[in-house]
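To start, the structure under review is shown below, and the notes come after it.
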Amino acid sequence: MANYSLERLNFLVVDDNKHMRALVKTILHAFGSKNVHDASDGADAFKELRVFPADIIITDWNMDPLDGIDFTKLVRTGKDSPNPFVPIIMLTGHTEMHRIIEARDSGVNEFLAKPISAKSLYSRIKSIIEKPRPFIRTKTYFGPDRRRRNIDYKGIERRKTMLEQVQIPVKPSASAKNPNVSLSEDEVNALLNK
Amino acid sequence: MSEQTQENVIINVKSSLHDKVKESRGDIVISDDVLAAAQDMIADMSVMYLDWVKDDFVRIDAAYAELASKRDMKSIRGVFEIAHDMKGQGGSFGYDLITGIGSSLCRFLEIIEAKGTCNDVALSAIKVHIDTMKLIINDDIKGSGGEIGRKLLEGIEAIKRKFSP
């Protein structure tokens, strides 16, 4: 599909920095979205979700008292969660490999590194709309399938830790040896599309 | 609908998003023109960004002063939080070096935090990062900054090398 109208989609933007909230809201309004609510931390956002049926949540990571990771887990697994299946985009300045894996394992659908552009935000929204993934419930995880490729596998899942599965198809870099090194956008995408 | 294995439950969720965007009849569509218009709106916010970043400098100067006085890890975290915000915003408005140097400062602060002590050399390196970011804004150095940008980054790397954790 070439063209969308995002007019009817409800967005919830969660960031403790009011300038980032303003930036994201400006982009969403430019996309035609009419219903964009915001919250300054995960706790406020969870309250907002009870009265605002968000179609897509865009959340920061670092926030007090409830950060983006704990907020995502609360949305996914909280007993009183209004919508455990709502798509979540993690928008953060953290681009280290271990952070990306932590975000994915908390149950986010997409990961978007700051600084953002209109194009980068749209690409994540588009991915959520065009490539919805099934949800997986295991003893230790509930969220969108962390594998994005369709694999016709009938057997028992025998995953170990996600770190063991990471094989970034890019040339060996410092980040491959040190999980604290920031990844480029291509590396982030490669990791998430594994 | 769900499929269950011995360990996992796979839940195929019916997403209404596709229908919601497809059924809309609004004039605004996400075409290349809309994307370009959205990017233009971000560019229009650059004037506001220059006010925001001035506030960030006031906050990071105060956080740095507290760090210089206390030399504790709580103060390191205070500087980190502001640098992290600055890193996340500069590039959106064309100030890529704010993002680059902000990122460098964040990584450096994490090293100090892991070490647990902040000596004079570390303090100087932090100050150089902050002063360089101020220079970028004052001189309106956008993008990579060309030759000036390269020299600024070299200077940052040089002072970081003096720090031995």
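Taking region B:57-71 as the search range and keeping residues that are in contact (Cβ under 8 Å) with a residue 12 or more places away in the chain and surrounded by fewer than 22 Cβ atoms within 10 Å (Cβ to Cβ), which one is nearest to the other protein chains (Cβ to nearest Cβ)? First the steps, then the outcome.
Going residue by residue through region B:57-71, those that are in contact (Cβ under 8 Å) with a residue 12 or more places away in the chain are B:57, B:59-61, B:63-64, B:66-68, B:71.
Right, trim to surrounded by fewer than 22 Cβ atoms within 10 Å (Cβ to Cβ) and you get B:57, B:59, B:61, B:63-64, B:66, B:68, B:71.
On the way: B:57: 14, B:59: 11, B:61: 18, B:63: 15, B:64: 19, B:66: 18, B:68: 24, B:71: 23 Å.
Among those residues, the one meeting the criterion is B:59.
Only residues that are in contact with a strand residue (DSSP E or B) (Cβ under 6 Å, 6 or more places away or on another chain), more than 9 Å from every other protein chain (Cβ to nearest Cβ) and charged (D, E, K, R) were counted in region A:43-67, giving 1.
For region A:78-96, check the following and say yes or no: at least one residue is basic (Lys, Arg), more than 30 Å from residue A:5 (Cα to Cα) and away from every other protein chain (no Cβ under 12 Å).
Of the residues in region A:78-96, the ones basic (Lys, Arg) are A:79.
Remaining after also requiring more than 30 Å from residue A:5 (Cα to Cα): A:79.
If we keep only those that are away from every other protein chain (no Cβ under 12 Å) too, we end up with A:79.
So far as region A:78-96 goes, yes, one or more of its residues are basic (Lys, Arg), more than 30 Å from residue A:5 (Cα to Cα) and away from every other protein chain (no Cβ under 12 Å).
The single residue among B:151, B:87, B:54, B:142 that is basic (Lys, Arg), exposed (fewer than 13 other Cβ atoms within 10 Å of the Cβ) and within 14 Å of chain A (Cβ to nearest Cβ) turns out to be B:54. Taking the conditions (1) over 17 Å from residue B:34 (Cβ atoms); (2) without any contact (Cβ under 8 Å) to a residue 12 or more places away in the chain; (3) outside any loop (DSSP other than H, G, I, E, B) in turn, residue A:29 satisfies each one other than (1).
From the list B:97, B:105, the lone residue that is in contact with a Lys or Arg (Cβ under 9 Å, 6 or more places away or on another chain), free of Cβ contacts under 8 Å to residues at least 40 places away in the same chain and either of a type in the set (Val, Ile, Thr) or more than 9 Å from chain A (Cβ to nearest Cβ) (or both) is B:105.
The residue that is farthest from residue B:32 (Cα to Cα), among those in region A:25-42 that are more than 7 Å from every other protein chain (Cβ to nearest Cβ) and touching a helix residue (DSSP H, G or I) at 6+ places or on another chain (Cβ under 7 Å), is A:42.
Read-outs: derived from the displayed coordinates by stated rules, not from any lab. As the structure is a computational prediction, the values presented were derived from the model and not from experiment. Neighbour counts run over all protein chains shown; Cβ positions are idealised from the backbone, glycine included.
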